[in-house]
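Before any comments, here is the structure.
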């Protein structure tokens, strides 16, 4: 803005100075031409009558004017008849014409010529020399004043531009800082400075937007606490305003982990202590589940339901589910050993798992929905968990056969058991451990 103002001011200043120069030059030349013409007209009779006394009086009278530096009158032969002043024009012979145009002499003396004519007879020439130093000084003063005006104009407008730039730049910089903060996830950022005009409305809109993003982020984080992260990400990424209740068929595995002896343990204990123990074990279940690409579906009292293969597909869901079950059992055994050494209360576990085709999606009413899976494998995993003993992992033979060829497992003898809700008996196995230890994740 300052450069633009400087350019515009320079062009304007140059235009004004050039116009002033032209006017001064025109006025100077008009004055010289008029004086020379007057001298030529007044000298006609004196030249033709050769009245030298009157002619000298005329030129000395004209020379007394401040602007006139010298005056001279020549006859037609080029002989000087009268003169006044220190400067003389130089003529070519006797024709009465200056040898170098109208600018002759020294010290910026400009000569103006007028012929002395009577009835078409040329009697000589009248010359008036004007001192141009005053004109040059005036022009220099005009240049100085023009430069001063331009500088003052540029300075004043620059100060206004700087002030305006700061007043505009401050809210803009605040908004830039705010967008960078929001971009980096700092949704609590607010623009505290007070602005006026359109920037006030813009600042208020930004703070309102940041508050909305902060609330949205809080809701998303709370939502992720109630459902697993993949489930939360799946439904928050949908464009639908209302999530639908339609499920989809998936190939997945289900684990039920039950805390054995929970009822007897909670008897006589205060709820805070019971909740602390439950949270301790459930945290271990969740950490191990996530380690093997699983999701916590829900906690049902003292039981945890873990899913593998949904909502994100996993072709190795059976293998990962079995890894998780064995890892949970090993971790709980280790943790209980440590807690017993410190005389802390312990709970044992039992695990049931199965897999196959399930229907996964949001189930419930319009007021409350829950992401879960339903189907025979889920029911079977729950029933096998109920039939398992302390520290046992029980699964069905179909699940076992699906992973046995690629990941051999050690088992106890297969038994046919009747489980609640199934008409036919189920071939069940108790898993001991891997015959070949898998590579640790």
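The values are calculated or read from the model by the stated rules, or taken from the named source; none is laboratory data. Because the structure is predicted, anything quoted here is derived from the model rather than measured. No Cβ is skipped: glycine too gets one built from the backbone with ideal geometry, and neighbour counts run over all protein chains shown.
Just the residues that are farther than 29 Å from residue 155 by Cα and either touching a strand residue (DSSP E or B) at 6+ places or on another chain (Cβ under 6 Å) or free of Cβ contacts under 8 Å to residues at least 60 places away in the same chain (or both), please, taken from the range 1-28. The answer is 26, 27. Just one residue in the set 175, 153 is touching a helix residue (DSSP H, G or I) at 6+ places or on another chain (Cβ under 7 Å), under 30 Å from residue 25 (Cα atoms) and not in a strand (DSSP E or B); that residue is 153. Can you confirm whether residue 93 is assigned to a loop (DSSP other than H, G, I, E, B), over 23 Å from residue 42 (Cα atoms), modelled with pLDDT under 80 and in contact with a strand residue (DSSP E or B) (Cβ under 8 Å, 6 or more places away or on another chain)? In short, no. Put simply, of 391, 410, 361 the only residue that is within 19 Å of residue 295 (Cβ to Cβ) and assigned by TED's automatic domain parsing to the domain that holds residue 328 is 361. Checked against (1) at positive phi; (2) crowded, with 22+ Cβ neighbours inside 10 Å, residue 352 meets all criteria but (1). In the condition set (1) surrounded by 12 or more Cβ atoms within 10 Å (Cβ to Cβ); (2) on the phi > 0 side of the Ramachandran plot; (3) without any contact (Cβ under 8 Å) to a residue 40 or more places away in the chain, residue 124 is compliant with all but (3). Within the range 288-311, the set of residues being under 20 Å from residue 388 (Cα atoms) and without any contact (Cβ under 8 Å) to a residue 24 or more places away in the chain comprises 299, 300. Taken together, 159, 130 contain a single residue that is buried (at least 16 other Cβ atoms within 10 Å of the Cβ) and under 30 Å from residue 15 (Cα atoms), which is 130. In this structure, is residue 74 more than 19 Å from residue 49 (Cβ to Cβ), in a strand (DSSP E or B), touching a strand residue (DSSP E or B) at 6+ places or on another chain (Cβ under 6 Å) and modelled with pLDDT of 85 or more? The answer is no for residue 74.
Only a single item in (1) touching a helix residue (DSSP H, G or I) at 6+ places or on another chain (Cβ under 8 Å); (2) part of a loop (DSSP other than H, G, I, E, B); (3) within 20 Å of residue 316 (Cβ to Cβ) is not met by residue 419, and it is number (3).
Output the number of residues of the range 362-371 satisfying the condition of being buried (at least 20 other Cβ atoms within 10 Å of the Cβ) and either more than 42 Å from the chain's Cα centre (by Cα) or part of a loop (DSSP other than H, G, I, E, B) (or both).
Residues of the range 362-371 that are buried (at least 20 other Cβ atoms within 10 Å of the Cβ), as a first pass: 371.
In the following step, the residues that additionally are either more than 42 Å from the chain's Cα centre (by Cα) or part of a loop (DSSP other than H, G, I, E, B) (or both) were identified as none.
Of the residues in the range 362-371, 0 are buried (at least 20 other Cβ atoms within 10 Å of the Cβ) and either more than 42 Å from the chain's Cα centre (by Cα) or part of a loop (DSSP other than H, G, I, E, B) (or both).
Residues considered: 314, 396. Of these, the only one that is under 52 Å from the mean Cα position of the chain (by Cα) and crowded, with 18+ Cβ neighbours inside 10 Å is 314.
Residue under question is residue 161, and the condition is that it be assigned to a helix (DSSP H, G or I) and within 19 Å of residue 33 (Cβ to Cβ); does it hold?
Numbers: assigned to a helix (DSSP H, G or I): yes; within 19 Å of residue 33 (Cβ to Cβ): no.
Considered against the rule, which asks whether it is assigned to a helix (DSSP H, G or I) and within 19 Å of residue 33 (Cβ to Cβ), residue 161 comes out as no.
Consider the range 169-209 and keep the residues that are over 26 Å from residue 220 (Cα atoms) and outside the structural domain of residue 220 (by TED's automatic domain parsing). The one that is modelled with the lowest pLDDT is 169. Considering 13, 101, the condition of being at pLDDT below 85 and either within 30 Å of residue 150 (Cβ to Cβ) or within 60 Å of the chain's Cα centre (by Cα) (or both) is satisfied by 13 alone.
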